[in-house]
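Each reported figure results from applying straightforward, stated rules to the coordinates on display, with no laboratory input. This one's a predicted model, so the numbers in the text were calculated from it and none came from an experiment. Positions of Cβ are backbone-derived with ideal geometry, glycine not excepted, and every protein chain shown enters the neighbour counts.
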There are 2 protein chains.
Amino acid sequence: MTKYHPLSEEQAIEYARQIPDLFQSRAELSSREIGDGNLNLVFHISEPSTGKSIILKQALPYAKVVGESWPLTLDRARIESEALQIEESLCPDLVPHVYAYEPDLALTVMEDLSDHVIMRRGLIERNQYPLFAEHIARFLAHTLFFTSDLGKNQQEKKVQLGRFINPELCKITEDLIFDDPYRDADTNSIEAHIRDAAEQIWKDTELHLEVAILRNKFLTSAQALLHGDLHTGSIFIKAYSTKVIDPEFAYYGPMGFDIGAVLANLLLNFAGQEGWSTDEASRADYREYLLHTVKDVWNNFERNFRQLWNEHGVDRVFQTPGYQDYFIASLLQDTFGFTGAKMVRRVYGLAHVADIDKIEDASARERAQRLALSIGTKLIRFNRQAKSIDELIQLVTKETTAERGFAL
Amino acid sequence: MTKYHPLSEEQAIEYARQIPDLFQSRAELSSREIGDGNLNLVFHISEPSTGKSIILKQALPYAKVVGESWPLTLDRARIESEALQIEESLCPDLVPHVYAYEPDLALTVMEDLSDHVIMRRGLIERNQYPLFAEHIARFLAHTLFFTSDLGKNQQEKKVQLGRFINPELCKITEDLIFDDPYRDADTNSIEAHIRDAAEQIWKDTELHLEVAILRNKFLTSAQALLHGDLHTGSIFIKAYSTKVIDPEFAYYGPMGFDIGAVLANLLLNFAGQEGWSTDEASRADYREYLLHTVKDVWNNFERNFRQLWNEHGVDRVFQTPGYQDYFIASLLQDTFGFTGAKMVRRVYGLAHVADIDKIEDASARERAQRLALSIGTKLIRFNRQAKSIDELIQLVTKETTAERGFAL
C-alpha cells in the first residue's frame, strides 16, 4: 500500500483518461466529487462532448461516523471490487459494471448509475417498483446459491471464502447489530421519547437469547458469499432496472442475513409511512404495496433458489429427498430473525434510516419508531418457530393494528 | 516449494544434527524410517550415547491408498505443524512438542513418543486408561473453546480461520464419511457377509437426510479449529500420559465432529469386543469400561467447557442467560450425529479400523460389524432429538442387547 494516496480531482481525471476504450483520446473530461467523505472518495467523471460518464470510487483509510474518525482497512476496496465482479458474473444486469480495479490506490472504476435513484429515497417518495421483487430475488438466489456449497465446487468455495475474510467490517456488524442495541451502549442514539422502549429491550433476556443465537450464526455459519449490507441505501433503482452496489461488507455468512436486510428495510419504510403518507387511504395503499413486495421477494427467491438447486446442484448428498425443504425452512427462520435484528438497530442504534429519522412530526416519528421496534422484536422472538412467509405478513399486520389501535 | 525433496535417512540425520540445543555436537546419530509410506516419511532419529531421540515427519506430495496414488498438497505439513503449535500453547502436556518446522521441506521436527503406544492398539489389547477421559476432554475443551468465537478475539479468529483453509483434506472427509458410505461407491470396501446391511443403508432416505444435515454442518459451521481426524490412531497413550498427534486435517468446523471422532472410536472398539474378549464376563467388563469412558469424556468435556466459558468468555452477548445451555444442547446433538457417521464409514467405507477388521473369526467379525452399523445408524437417526449423554449409553446398550439377543 506504499503507493496509496487519496486522489485529487485532477488525478482522478488523469486516471480515467487512460482506461482503454472508454473516453476519446484527448477528450475534455470533468469531475465532481460526490462521496459523503465519511468512508470513500467518489468521483463522477464525465465527457460532456459524448455524455459518457463513469464512477471512480476510492476507499479512504479511515471512517468518520458521528464526528469520530477511526482507521479502517483499505482491503475493503479489494473485497468490494472482487465481490462486485463475482456478482456481475452471476447476474450482470443487477450490478454496476466494473471497468478496472487498482489495488495500490484502493480504487474501483465502475459504471455510472446517475440515471437511477437510491431506493431508500424512492421509497420515501412513495414510488412503486413493480420489478424490484423479481430483480432482488434473482440477485439473492443467484449470488447466494452459486457461491455456496450447493452451487459451487466445494473446494473452490473454501478458497474463495479465504479471500473474503473481512474482520474489520464484520466487527461493525457484530457490534452495531448484534450487541449494542441490547444494552445501554454509548454508540446508541436514542430519542428521548422512545427511551422507555429501548430500556424494555435491554431487560428482555428471552429476546437476548434469540439475538445471541443469531449473532452466533453471523459469526460461524459460512453458507455463502453475502453482500453483507443489503439495505435500500445500497440499491440504485429506476422503473426497469435495479442495481446493487457497495458490497464492502462481503464475507461468507448465513444467507438469511442478506434476505433479512432487504425485508427489514422494506418494513422500516412501512413503519415510516406513519409520517410520509398524507392520509389513511394512501398509507394503507402504500403499505399494501410494501407488504406485497416483502412477500414477493421471499416467494420469488424461494422459487428461483429451488430451481437453481434442482438444475445446477453440485452435491449428490444435498439432492436427498427432504433436504431441500429442510434447508429452505431453516433459511426462512433465519430470515425472520435477521429481519428483526436489522430493524431494531435502525431505530435507536448508531446508524438510523431516513425512512424514519426524516419524519419531521415528532409524534408521527415516534409512532413509526415504536412500530418498527414492535415488529422487529416480535420477528426476533418468533424466528425459530416460523413456518411460512405469510406468518411474517400476519405478524406485521397484527403489530400495526395493535400499535395504531385500528387496521392498516 | 522448489527446494522440496524427500529426505534420505542421511539427510534426515544431517538436518537433525543442526537443531540447536538438542544433540551433542558431532554426536553419533542413527535413523529409522518408521512411516507407513502412504502419506509421510517418518524418521526416528536417536543418539545412542544419551538416549535422546526425536521424530522428523515429512509430508510426501501424494497419498497411497489401496494401491492407488493421488497427488496431495504439501501445505498439509504447514497446517499440521501450526495446529500442533496452537494445541501445545493451549494444553502443552497433551501434544508432542514441536522443535522446528521447515516449510520448504514440508518437515516438522517433534518430540519422540516411542514410550507411548497407539491407543487403538492399546484398546485392542484391552488395556484400561483411567486418565484418558480427563485428558482428552481437557484437550477438546481447551482447543475448541479457545479457538472459537467464545474464547478467542473474534477478529483474530477470522484471520486464523483463513490460515486453516484445507480443501484437499476436507474433501477426503466430505467424500469418505458423508457421501460414499450412503451409496454403492467404488471406494467402499464391503465384506460380502454384510453387503445386505450396506444395501439397507443405501435405501434409507430418512438416514440420508440426517447425513445431509451433518454434511452441511461439516461444510459450513466454522465454530472452532478442529483436529479433524481425532480417532484412536491419532492418540499416543500410556498410563499417565495422553498425546494427540497428526492434526493434518485441521480446519475450522463444527466442534461435535472432534468429540464424535473420539466417542465413535471408543464405540468401534466396543463393537470389536465381539472378537477380542475371551469370555462373556470379561467382555461385559471391558464394555462397561468403554461406556464409562464415553460418558466421562462427554461429562468432563462439558464441565471443562462450561468452566472456560464462565471464566474466559470474551463475548458479552454469549453470556446471555440460557445461551450456554442452548449451545451445549446443540453440541451434544451434533456429537451424537458425528459419532454415528464416524462409525458407519469405518465398517465398510474406504478406511476400516483394526478394532473390527483384525478379528480373525469371521462370524465374530460380522457380529462386530453389524453391531457397529446398528449403533452408528441409530445415533445418526436420533441425533436431533438427543437431550443427554445417558441416552447415548442407553442406545448403545439397547442395540447391543438386540444384536446379541441378550444383555452385554
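Some observations on this one:
- Test item: A:205-212 mean partner chain Cβ contacts at 10 Å: 5
- Mean Cα-pair separation over length for chain B, i.e. relative contact order, pairs under 8 Å, 6 or more apart, %: 17
- On the beta carbon distance between A:HIS97 and B:ASP112, with R0 = 60 Å, the FRET formula returns roughly 0.50.
- Taking amide H positions as modeled 1.01 Å from N, with prolines and chain starts lacking one, the residues under 5 Å from B:TYR252 and 5 or more places away or on another chain are B:LEU226.
- Relative contact order of the range B:109-202, defined on C-alpha pairs under 8 angstrom at six or more residues apart (%): 13
- Per-residue HN-Hα couplings for the range B:17-32 [Karplus 6.51, -1.76, 1.60; θ = phi - 60°; Hz; x = Gly/Pro]: 4, 8, 6, x, 6, 10, 9, 5, 5, 6, 5, 7, 10, 10, 10, 10
- Cα centroids of the range B:17-59 and the range B:288-303: 37 Å apart.
- Between B:GLY260, B:GLY51, B:GLY349, the Gaussian network model of chain B with springs among Cα atoms under 10 angstrom shows the greatest mean-square fluctuation at B:GLY51.
- 3J(HN,Hα) couplings calculated from phi for the range B:281-295 with the Karplus curve 6.51 cos²θ - 1.76 cosθ + 1.60 (θ = phi - 60°) are, in sequence order, 5, 6, 4, 4, 4, 5, 5, 4, 4, 5, 5, 4, 5, 3, 5 Hz; Gly and Pro show x.
- Neighbour-count order for A:HIS312, A:HIS135, B:HIS44, fewest beta carbons within 10 angstrom listed first: A:HIS312, B:HIS44, A:HIS135
- Fraction of alpha-carbon pairs over 18 Å apart in the range A:9-111 - percent: 51
- In the range A:117-404, a dipole from Cβ-located charges (positive for Lys and Arg, negative for Asp and Glu) runs towards its positive end, and of A:GLY272, A:HIS227, A:VAL344 it is A:HIS227 whose Cα lies farthest in that direction.
- Dipole magnitude (debye, nearest 20) for the protein assembly as shown, charges at Cβ of Lys, Arg, Asp, Glu: 980
- Placed amide H near B:LEU350: partners under 5 Å, 5+ positions off or other chain: B:SER189
- Rounded to the nearest Hz, the phi-derived 3J(HN,Hα) couplings of the range B:269-274 under the Karplus curve 6.51 cos²θ - 1.76 cosθ + 1.60 (θ = phi - 60°) are 5, 3, 5, x, 4, 3, where x marks glycine and proline.
- Residues whose amide H lies under 5 Å from that of A:ALA63, counting only those 5 or more places away or on a different chain, are A:TRP70, A:LEU72; hydrogens are built 1.01 Å from N in the peptide plane.
- Dividing the summed helix terms, -39500 (n - 2.57) for each DSSP H run of n ≥ 4, by the number of residues in the protein assembly as shown produces a 222 nm estimate of -17000 deg cm²/dmol to the nearest 500.
- Pairs beyond 21 Å (Cα-Cα), from A:LYS3/B:LYS3; A:LYS295/A:LYS342; B:LYS295/B:LYS398; B:LYS171/B:LYS358: A:LYS3/B:LYS3; B:LYS171/B:LYS358
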